[in-house]
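Here's the structure, in structure tokens; my notes come after.
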Amino acid sequence: MSLPVVLLAAGSTPSPTPSESPTALVPSLQDAQERATNAASWVEQNWSTWLSIGLRVLLIVVIAAVLRMTLRRAITKLIDRMNRTAQAVDGTAFSGLLVNVERRRQRSQAIGSVLKSVASFLIMGTAALMVLGTFEINLAPLLASAGVAGVAIGFGARNLVTDFLSGVFMILEDQYGVGDTIDAGVASGEVIEVGLRVTKLRGDQGEIWYVRNGEVKRIGNLSQGWATAGVDVTVSADVDLDRLKATLAEVGEKMSREEPWNELLWGPIESLGLDSVLLDSMVVRLSAKTMPGKSLTVERELRWRAKRALDAAGIRIVGGTTVIPEEDPTVDPAAAVAAPSVYSNTASPQAEAATPIAPARPVR
């Protein structure tokens, strides 16, 4: 192929041209002015609505905050007044009949904490719902979800809810307090702390019991009202009853006049008579009302005084293990025993000589 033909063929094909780049659309001044005008008109149309919503939200928040602060201060003043009343009573002659300061303080603090928490929850929860309603948010799905979540949490933490509610009612009803000696069924001892969920008890051996309030089915408070001290005196059946009665009456009357027993005893020490009569003994029972929690102390002192008075009057107290009288060491215990006999030994000559002769058998 000749060169002219090649050049002609090459010249006949169109040469590629670079693609034209699209020109960027630059907003004109008129478009910017139009957008600004639309934004200004939109703001002008809605600013009153925004201002109204903002003022309503601000008013709701301010009212809720003021109401919450007012209620919390009122509850705090009420608790302080209860504590001041307890401190004024403590140290007087009636302090033994009423609860002590620590018990009143813990009880008032627990009640105040519960009241403050309930008030804050109700006020802030209501305020939150009112704010959401101001923004025209449908609260029905939210309330339904909250109800379902509350039911699920209630089933999952039912023991915790039970303990909390039981603790609230125990505190409100003043079933027991700090310093009381109670029998809670699962444990017994002195109350050292009262909580909304757990009550702490100190046992007789010094151990500390943590008792959940929801597991307490019955409570026996040994520190409220009064206690009873009872002492049984067992004497011989041949004792003069009039003399015995006079001796015990003198013991009770003397103990009732002395300190500190005159404060611990809330009634005279009475002899209730014969509690039981046996062949060789009889039982006389003494009883008295005492201050709560002091019955054991009074019983020990009364036993001590009764024993000393009966010993002084020559009246012997019987019962219990029989006392074996001591033997005289100067007496020879072998003196009353006979000497051994030679006849006790069957192999001795004397025993063989004394043995009867057996008859001879006939010979067949």
Quiz item: For the stretch 156-164, does any single residue satisfy the condition of being exposed (fewer than 14 other Cβ atoms within 10 Å of the Cβ) and at pLDDT below 70?
Solution: yes
Quiz item: Out of all the residues in the stretch 183-192, is one or more open to solvent by 70 Å² or more (accessible area, probe 1.4 Å), at pLDDT 85 or above, of a type outside the set (A, V, I, L, M) and more than 30 Å from V61 (Cα to Cα)?
Solution: yes
Exercise. Kindly list, by first and then second residue, each pair from a residue in the stretch 70-85 that is over 15 Å from S113 (Cβ atoms) and outside any helix (DSSP H, G or I) to a residue that is of a type in the set (A, V, I, L, M) and open to solvent by less than 70 Å² (accessible area, probe 1.4 Å), limited to pairs with Cβ atoms under 6 Å and residues at least 6 apart or on different chains.
Key: none
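Out of the residues in the stretch 193-216 that are closer than 21 Å to R104 by Cβ and of a type in the set (V, I, T), state the one that is surrounded by the fewest Cβ atoms within 10 Å (Cβ to Cβ).
That would be V198.
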Quiz item: Would a scan of the stretch 220-228 turn up a residue that is crowded, with 18+ Cβ neighbours inside 10 Å, at pLDDT 90 or above and on the phi < 0 side of the Ramachandran plot?
Solution: no
Quiz item: Is it the case that some residue within the stretch 215-228 is part of a strand (DSSP E or B), within 30 Å of A312 (Cβ to Cβ) and of a type outside the set (D, E)?
Solution: yes
Quiz item: If you go through the stretch 131-152 one residue at a time, do you hit one that is hydrophobic (A, V, I, L, M, F, W, C) and in contact (Cβ under 8 Å) with a residue 40 or more places away in the chain?
Solution: yes
Practice problem: Being surrounded by 14 or more Cβ atoms within 10 Å (Cβ to Cβ), modelled with pLDDT of 85 or more and aliphatic (A, V, I, L, M) narrows it down to one of L115, L122, L71, so name that one. | Solution: L71
Self-check item: Subset of the stretch 33-68 [charged (D, E, K, R) and either in contact with a Leu (Cβ under 8 Å, 6 or more places away or on another chain) or surrounded by 10 or more Cβ atoms within 10 Å (Cβ to Cβ) (or both)]
Solution: E34, R35, R56, R68
Quiz prompt | Any chance A146 is out of contact with any Leu (no Cβ under 7 Å at 6 or more places or on another chain), surrounded by fewer than 17 Cβ atoms within 10 Å (Cβ to Cβ) and more than 22 Å from L222 (Cβ to Cβ) | solution = yes
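Being in a helix (DSSP H, G or I) and of a type in the set (S, T, Y) is the filter here; which residues of the stretch 229-264 pass it?
T247, S256
The values are calculated or read from the model by the stated rules, or taken from the named source; none is laboratory data. A quick note: this is a predicted structure, and the numbers were derived from the prediction, not measured. Neighbour counts run over all protein chains shown; Cβ positions are idealised from the backbone, glycine included. Note: areas computed on protein heavy atoms with side chains; ligands, DNA, RNA excluded. Shrake-Rupley method; radii C 1.70, N 1.55, O 1.52, S 1.80 Å.
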